[in-house]
Each structure stands twice: as structure tokens, then as C-alpha cells.
Ligand code: SAM
């Protein structure tokens, strides 16, 4: 057969044959490294009974690997210019479906019903466009799709924030949101040289093992996330100061501090030291007090 799509030579050939030019605004950095592709696909743990959803297939480097491993593959690509290229280079793989769309506008439950009815578990596997990493991952997690895991290449700094534990400088509302829905695990860091063109930031592969149910129970998820965001408004301020400006403006501190102590939290602590369980308790206590 032919050389793999991801080989540097074939990638250049495909790009030249179609007169394709990279759009930086769409985060187009294509993978040309077999080792990294192997690591990504291995981390997802796919087999013929599973499905793979890829976001941003580019010219199909990763899509081809997914096609060789999974039973059903759907790739959602925003750039119209790539659609005919993908259809051509992936024509040997009839179980691959290319969809032209902005993934942020796709009804994913409908997509799952149409494309993955025949397979068991589904993984999201992608080398994500870095300008929309967080909105894409939050959409995947918040919509509570029947996902086994999400394996993605993202900016290294964002991966570290997602996987951070309480107490460190990387821990924030993104860590809490991601960890509420999944168990994150850094798979590897990735050098610039595996992409064309090379991005300006460092990259990493992260796996989010999607949870069957959240690790803490909260009475109101929206409220919980609002309390978390408010607690990090100004990182250097105490939890008491941050919550006061958001929920108790123009009031004395007595009621807030009584509620914090009811939740077992010292008012002098900073938001970055609280665990998920502590945020859950705090949110429930505030909610019960009508806040
Ligand atoms: N998967 C390919 C690879 O690894 O070589 C390309 C990865 S490249 C980092 C990101 C891809 O996402 C590009 O093909 C880009 O056009 C596409 N993309 C950017 N924004 C998108 C969006 N909102 N929805 C779907 N695809 C998007």
C-alpha cells in the first residue's frame, strides 16, 4: 500500500497536490510523527467494537490511525478546503465519516445516535486547535455524552492546569471543572518538531477518563461552578474576600463567616487550597442559606 498520510513526505505531497495553505487562525498544525500518533491512539484503548470521534482531522494523519483501530470513526472538520482532501485520502476506509462543521455548533447527542449506534464505547481522540481547546473540552464533558475517554493533544500549560491538585499555582476553576467530570492523566509532553508548521507553544497529550458519576454530590451544579469561579476571581485574595464581593456586597462579614465555618472552611484560606469536596460543601451551605 501507500505510505502513511502522516509521513512527512506524503503530508507534503498531499498539501502540494491540493495547493493547500495553512490557516493559523484555525489552529492548523499537522502531525508528522509516527511515535506520537501511536501514543495517542494507544492511550485511547480502542478496538473494533469501539467508536472514535475526531475533532479537526486536518488532512487525516490521525484519522487514518483511528480507522485502522476503531470500528466506527467520525471526523468533524471546520475548514471546507480540507473536506475533498479528506474524502480522497481516506477513501480506503469506508467506516470513516467526514462531517463539515464547527464542532461547537454540532448537536453531539444527535451525532452519536447517527454515527455510533452500532458500536459500544466511544472515545474522543484529537490533536485540538489550541485557540478553542477549553470550550471544546467543556462542551464534551458538560453534555454528558456516553464517552469512555477523551485523549487530546493540547497546549502543555493547559494540560497542567487540568490535571493540577489543590495548593499549586496551576490549580483553578478549570482543574475543578475537568476533575468534576473526569480523571485527567498526562500521557506525554510533545516537542515542536512533530508538527508542520511548528506551533509556538509546548504541547502535551492528556487523557480524561470520563466519570460515570461526579466524585462529589452537589445540590445544584450550576451554583457549584458559580461558587468555584467566584472563589478564584482574584487569586491572591482570601476565599472570604472573593465571596464577599460576589455574594454579599454591602454586608458585614458575620453571615458569610458563619456560613464558611458551617462548611468547615477557614475564611483566611485561598480558593486555590480548597478541594472539590470542600467546594461542594460550601456550595450546598450557601444554597441552603438562600445564596
Ligand atoms: N488532526 C490533524 C493532525 O493531527 O494532523 C490536524 C490537527 S490541527 C491542530 C486542528 C484542526 O482542527 C485543523 O484541521 C482545523 O482546521 C480544525 N478546526 C479548527 N477549529 C475547529 C472547529 N471549531 N471545529 C472543527 N474543526 C476545527
Distance in nm between pseudo-label sites at residue 117 and residue 258 (7 Å out along the Cβ direction from Cα): 5.8 nm
Exposure proxy order (Cβ contacts within 10 Å, fewest to most) of 138, 153: 138, 153
Length-normalised contact order for region 108-263 - Cα pairs under 8 Å, 6+ apart - percent: 18 percent
Set of region 177-196 residues, backbone N closer than 20 Å to the point 7 Å along the Cα-Cβ line of residue 12: 192-196
Centroid-to-centroid separation of region 28-88 and region 194-226 [C-alpha atoms, Å]: 20 Å
Separation between Cα centres of region 151-173 and region 264-291, rounded to whole Å: 21 Å
Listed peptides 239-248, 39-48, 187-196 by packing density, highest first (mean Cβ within 10 Å): 239-248, 39-48, 187-196
Region 232-291 - percent relative contact order, Cα under 8 Å, separation 6 or more: 38 percent
FRET efficiency, residue 26 to residue 3 (Cβ-Cβ, R0 30 Å, nearest 0.05): 0.70
Highest-first arrangement of 230-238, 8-16, where packing means the average Cβ count within 10 Å: 230-238, 8-16
Stretchable slack from residue 93 to residue 49, in nm (0.36 nm times residue separation minus alpha-carbon distance): 14.2 nm
Value at 222 nm in deg cm²/dmol, rounded to 500, when DSSP H runs of n ≥ 4 in the chain each add -39,500 (n - 2.57): -11500 deg cm²/dmol
Packing-based order for 157-163, 89-95, 131-137, using average beta carbon neighbours within 10 Å, highest first: 157-163, 131-137, 89-95
Residue 109/residue 236 FRET efficiency (R0 30 Å; Cβ-Cβ; nearest 0.05): 0.15
Relative contact order [Cα under 8 Å, 6+ residues apart], the chain, whole percent: 15 percent
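A short reminder: the numbers here are calculations on the coordinates, not readings from a lab. Bear in mind that the values here come from a model prediction, so they are computed numbers and not experimental data. Quick reminder, even Gly has a Cβ in these numbers, built from the backbone with ideal geometry, and neighbours come from all protein chains shown.
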